[in-house]
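Read-outs: derived from the displayed coordinates by stated rules, not from any lab. This is a predicted model, so every value here is computed, not measured. Ideal geometry is used to build each Cβ from the backbone, glycine not excepted, and the neighbour counts take in all protein chains shown.
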Amino acid sequence: MNDVQNPIYKTDALIAEDIDKYLDAHQHKTMLRFITCGSVDDGKSTLIGRLLYDSKMIFEDQLEALQADSKRVGTQGQEIDFALLVDGLAAEREQGITIDVAYRFFTTEKRKFIVADTPGHEQYTRNMVTGASTADLAVILIDARKGVLVQTRRHSYLAQLVGIRNIVLAVNKMDLVDYDQSAYLDIVQDYREFAAQIGITDFTAIPISGFKGDNVTDRSANTPWYDGPTLMEHLESVEVSADADLAKPFRMPVQWVNRPNLDFRGFSGLISGGTVKPGDAVRIVPSGKTSTVKSIVTFDGDLTEAQAGQSVTITLDDEVDCSRGSVIAAADSPPQVADQFEATVVWMADEALLPGRSYWLKLATQTVSASLQAPKYAVDVNTMEHLAAKTLDLNAIGVAELVTDKPIAFLPYKDEDGTLNKTLGGFILIDKITNQTVGAGMLHFALRRSQNVHWQALDITREARAGMKNQEPKVLWFTGLSGSGKSTIANLVEKRLHRMNRHSFLLDGDNVRHGLNKDLGFTDTDRIENIRRVGEVARLMTDAGLIVVTAFISPFRAEREMVRQMCAEGEFVEVFIDTPLSVAEERDVKGLYKKARAGDLKNFTGIDSPYEVPEAPELRIDTTKMTAEEAADRIVEYVLGW
Amino acid sequence: MARALTHLERLEAESIHIIREVVAETDNPVMLYSVGKDSAVMLHLAKKAFYPSPPPFPLLHVDTTWKFKAMYDLRDKAAKDAGMELLVYQNEEAKERGINPFDHGPLHTDMWKTEGLKQALNLYNFDAAFGGARRDEEKSRAKERVFSFRSASHGWDPKNQRPELWNLYNAKKAKGESIRIFPISNWTELDIWQYIQLNKIEIVPLYFSAPRPVVERDGLLIMVDDERMPLKDGEVPEMRSIRFRTLGCYPLTGAVESEAATLSEVIQEMLLTTTSERQGRAIDKDAGDGSMEKKKQEGYF
Ligand SMILES: Nc1nc2c(ncn2[C@@H]2O[C@H](COP(=O)(O)OP(=O)(O)OP(=O)(O)O)[C@@H](O)[C@H]2O)c(=O)[nH]1
Ligand SMILES: [Mg+2]
């Protein structure tokens, strides 16, 4: 095998005979999205190259290039290295590995396929998950010489976690074990035992050689003992429930409000479940308001019915409050609403999860602030054991509770009956500073029904309280190195405000660390919690109408940003007390720098723990250029708007 | 009654979803419009995404002054029909220096297209730009995300792409950074043609065969589209029945001999051919292996 004399590009006889008939048939072919995954070098990319080649999807010019490339950078000497058809990045070709997912497309007479070739290296697990999240089927490759490896387990677990129902176990490189049946059977047995542990009860095992082509599209004479389908036969015939979403109640997350003129107000979105017709009763979630569908508007004319998988614009009979992030749903079966959840989280960033830190959470079209608790446990992908964990590192998978800053519409990613709700149950986490996607998660359930927790409506409003004090509530958030002068200046500010009959309150380390936060130490996690609590207290005080002054080092941008988000618009004033480290260290009023330098104080900001300088503080006080008194005057002027 | 959606209907819905996400989550999007068939489909999808409103962003054509005349005609008409503003950008420096495909080789593409694009995006402060690239076109494109990030200097870092799960797109970015969005990433060439046929989308007539004046150069059939084309000694344009599989600057785009004058015939011919679509583009040939990736890292779309 592995001869390149085959006819190259496939042409269906019907194309030449009756193109319109062919096109019509082609349009109605079903589609299978699948991935190849498994450990490093198990032959995933080679297999896909082989599938493309065997299904005659390679053009002449591409084949010529492949032959030349194979000789130059291939891993198979003079022979064709099919992986080069797929590993398209320069770095991949140089190293002979896959770094990021490649999406390839091919068609046979029976089906269309989108295949995502995912990387085997653990380092690039996030790219594997990217490919897996939209796949219907996973081909898990195993090198027949190596058997089930950690990455085989990790990928199987991830595939099952994101809800891939169809698993193919391709025992590859059979050519290197002389097509030995017992080697094959041992691996299948091994895998079966592992698979059962993670809830994969059913899979199709096939002995193949991606390199030589055995049992890929053609049945191999080398494995007379195998009478199952070839990989291609299986891919072409496996059942996929493309329309499982149709049976669900109607749901459409609103992406965009379409308002060309005063007479038209439509809600645009991709229907994630069920069907909808004009006249249907709908409920807007989270608000809970109900209305009736007036029309379903599309460029190609109004529809009498629309269904899951279509992008449409819906108009309603009433002027209900509905905007991006709302979900329009069947009135009698809306999604749930909550702000506290348990979820499985896959961590995808080099910087580990920081429990308590505020991240953006995006679910369907909703983006909210969310923070995670320390994980309940992390999963050991090798043994499936639950391990105690304080955080999640790159590529770790764990279960944690999370809280959002406002209630969101959601569904469990997997219902008890196994139904998948990817749209309303899957979310990503985004770092607020770097903007990177740092994690992905799947919601299990709400921790309590927050529908039942109503805010105690206050008869006396915060405006009334502030009005009585004749002032605008503010949080003056001082940040800067230890010894930069925060407390000194904050005290002077308070004195001046007091003299002017303004009602303020100073929160600083001393009055907080001894009481409210005495359970907290100085690890990153504790520092975040310290700031979170202070932020919450400060916010309550602004509700009471006070001007709150805080003096904490607060070294991390993300936490200062978190407090800013907690506060009402415009009430948070970041005051950067800018004193260079050398100056603060020289002053060393409390002798702390000396101790830190001597190694007696750990995690000391500026020494062995970073200080992230504010990027756009409302006020920057350069203490090398002005006295504490002058600084206090500046700040007071700013607060009172002079 | 609900029925199984066809593959094209699903692709259409997915693309519309992507286009709307960008409008909802970015400040100042623009659609790169190159007047080719992929652009035509992308523009059509944008019209569908926002109907009855016109698409809430302008079209940007990064012009090289060397496109086929028929492309300029359709460009202006398509923008007008869509009710969208059309921005045309030409790199002033390239213009002054008279950069052209005959004398300047790769510099032509670099200055007019790559540099021109960067300049235009900076000039208008666009933070998101739609492009009509497909993953099936080229092997480094097969690796690119739907939302693809560019640094403040417009570079692409292929080794550090954001994970992209389900249909959730992270559009957050720092000031100065921008995103390229490829709403038709998952379409194949055949999908594009079938969609054009089913939706009766107007495309440049050059895609259909007709007798046109050509000369043969370096194995490519080059159409003599205007008088700026310098003829070499002994070169005499001859009329041949040709069409184009892909459109760019006329001196750089190879034609194929063909009798396919209708969409069905074009599709049939495409399905029967044995060479890939980009083969007719001189630009992909000049740097060999990995050239597209390199261009993208430098800011080519
Ligand atoms: N003999 C033999 N070699 C194979 C077979 N399949 C793959 N190989 C070789 O194994 C090596 C690794 O193949 P790849 O296809 O790059 O492996 P991969 O699983 O895609 O690797 P990563 O994506 O980097 O994890 C290459 O040298 C292949 O030529 C096979 O069936 N038989
Ligand atoms: Mg690979």
Revision key, fill the gap. At the level of C-alpha centres, the distance separating region B:204-218 and region A:622-642, in angstrom, is 73
Point to revise | Pairwise centroid distance, computed over Cα atoms, of region A:92-109 with region A:298-369, Å | key: 32
**Study point:** Sum of -39500 (n - 2.57) over DSSP H runs of 4+, divided by residues of chain A (222 nm, nearest 500)
**Key:** -8000 deg cm²/dmol
Check your understanding: Among A:MET174, A:GLY274, A:SER369, whose Cα sits farthest toward the positive end of the charge dipole of chain A (+1 at Cβ of Lys/Arg, -1 at Cβ of Asp/Glu, about the Cα centre)?
Key -> A:SER369
Check your understanding: Which of the peptides A:411-423, A:528-540 is most tightly packed, and how do the rest follow, going by the mean number of other Cβ atoms within 10 Å of each residue?
Key -> A:528-540, A:411-423
Check your understanding: If you count, for each residue, the other Cβ atoms within 10 Å and average over each peptide, how do B:260-271, B:111-122, B:69-80 line up from highest to lowest?
Key -> B:111-122, B:260-271, B:69-80
Review point. Counting DSSP beta bridges with both partners in chain B, what percentage is antiparallel, nearest 5?
Key: 60
Practice item. Answer rounded, prolate or oblate for region B:97-200, using the Cα gyration tensor with square roots of eigenvalues a ≥ b ≥ c: rounded when a/c is under 1.5, else prolate when a/b is larger than b/c, else oblate. Key: oblate
Check your understanding: Along the charge dipole of the protein assembly as shown, Cβ charges K/R +1 and D/E -1, which of B:SER34, A:THR391, A:VAL139 sits furthest on the positive end?
Key -> A:THR391
Study note, to complete from the structure: Averaged over the residues of A:308-318, the number of partner chain Cβ atoms within 10 Å of each residue's own Cβ comes to 4
Revision key, fill the gap. Taking Cα pairs closer than 8 Å and at least 6 residues apart, the relative contact order of region B:202-285 in percent is 32
Review point. Can you give the angle from 0 to 90° between the axis of helix A:557-566 and the longest principal axis of chain A, with both taken from C-alpha atoms, to the nearest 10?
Key: 70
Study note, to complete from the structure: Quick calc, region B:188-227, dipole around Cα centre from Cβ unit charges on Lys, Arg (+) and Asp, Glu (-), nearest 20 debye, gives 200
Check your understanding: Quick one: which of A:280-289, B:231-240 comes out on top by average Cβ neighbours within 10 Å, and what's the full order, highest first?
Key -> A:280-289, B:231-240
Review point. Counting Lys and Arg as +1 and Asp and Glu as -1, each charge on the Cβ, what is the dipole of region A:336-452 about the Cα centre in debye, to the nearest 20?
Key: 360
Exercise for review: For chain B, count all C-alpha to C-alpha pairs, find those more than 24 Å apart, and express that count as a whole percent of the total.
Suggested key: 53
**Study point:** Under 11 Å, Cβ to Cβ, from A:GLY426 - net charge with Lys/Arg +1 and Asp/Glu -1
**Key:** +3
**Study point:** Charge dipole (chain B, unit charges on Cβ, about Cα centre) - positive-most of B:LEU59, B:LEU165, B:GLY116
**Key:** B:LEU165
Point to revise | Estimated dipole of region A:13-240 in Debye, rounded to 20 [Cβ of Lys and Arg +1, of Asp and Glu -1, Cα centre] | key: 560
Study note, to complete from the structure: Square roots of five times the C-alpha gyration tensor eigenvalues of region A:221-307, ordered largest first and given in whole Å, equal 44, 15, 12
Exercise for review: Report the relative contact order of chain A, percent, no decimals, based on alpha-carbon pairs under 8 angstrom and at least 6 residues apart.
Suggested key: 8
Check your understanding: For A:322-328, what's the mean count of beta carbons from other chains sitting within 10 Å of each residue's beta carbon?
Key -> 1
Revision key, fill the gap. The local net charge around A:LEU270, scoring Lys/Arg +1 and Asp/Glu -1 for residues other than A:LEU270 whose Cβ lies under 9 Å from its Cβ, equals 0
Review point. To the nearest 0.05, what FRET efficiency results for A:PHE264 and B:LEU86 with a Förster distance of 35 Å applied to their C-beta separation?
Key: 0.90
**Study point:** Shape of region A:336-452, Cα gyration tensor, a/c cut at 1.5
**Key:** oblate
Review point. What FRET efficiency would be calculated for the residue pair A:HIS514, A:GLU79, taking the C-beta separation as r and a Förster radius of 60 Å, to the nearest 0.05?
Key: 0.25
Practice item. Determine the alpha carbon to alpha carbon distance for each of A:LYS112/B:LYS159; A:LYS495/B:LYS172; A:LYS294/B:LYS172; A:LYS44/A:LYS112; B:LYS69/B:LYS118; A:LYS289/B:LYS173 and list only those over 31 Å. Key: A:LYS495/B:LYS172; A:LYS294/B:LYS172; A:LYS289/B:LYS173
Practice item. Output the antiparallel fraction of DSSP beta bridges having both residues in the protein assembly as shown, as a percent to the nearest 5. Key: 60
Check your understanding: What is the antiparallel percent of DSSP beta bridges lying wholly in region A:13-240, to the nearest 5?
Key -> 20
Practice item. Return a whole-number percent for the relative contact order of region B:11-75, with Cα pairs under 8 Å and 6 or more residues apart as the contact set. Key: 39
**Study point:** Principal axis dimensions, region A:1-148 - Cα atoms, whole angstrom, descending
**Key:** 48, 36, 28
Check your understanding: Can you give the mean number of other chain Cβ atoms that lie within 10 Å of the Cβ atoms in peptide B:150-158?
Key -> 1
Review point. Can you give the angle from 0 to 90° between the axis of helix A:181-197 and the longest principal axis of chain A, with both taken from C-alpha atoms, to the nearest 10?
Key: 30
Practice item. Of all alpha-carbon pairs in the protein assembly as shown, indicate the percentage at a distance above 38 angstrom. Key: 52
Study note, to complete from the structure: Between B:ASP226 and A:GLU60, the two model label points (7 Å from Cα along the beta-carbon direction) sit apart by a distance in nm of 3.4
Check your understanding: Which FRET efficiency, nearest 0.05, do A:GLN123 and A:THR523 yield, Cβ-Cβ r, R0 30 Å?
Key -> 0.65
Point to revise | Separation in nanometres of the label points that stand 7 Å from Cα toward Cβ, at A:ALA16 and A:ASP622 | key: 8.0
Check your understanding: Which net charge results for the neighbourhood of A:THR542, defined as the other residues with beta-carbon distances under 13 angstrom from its beta-carbon, given Lys and Arg at +1 and Asp and Glu at -1?
Key -> 0
**Study point:** Relative frequency of Cα-Cα separations exceeding 20 Å in region A:462-639, percent
**Key:** 52
**Study point:** Within region A:494-525, backbone nitrogen closer than 19 Å to the virtual label 7 Å beyond the Cα of A:LYS469 toward Cβ
**Key:** A:494-509, A:511-512
Point to revise | Residues of type lysines that A:LYS414 reaches as a straight line, Cα spacing below 16 Å, ignoring anything fewer than 8 places off in the same chain | key: A:LYS248, A:LYS422
Revision key, fill the gap. Looks like region B:1-43, by Cα gyration tensor root eigenvalues a ≥ b ≥ c and the a/c under 1.5 rounded cutoff (else prolate when a/b is bigger than b/c, oblate otherwise), is oblate
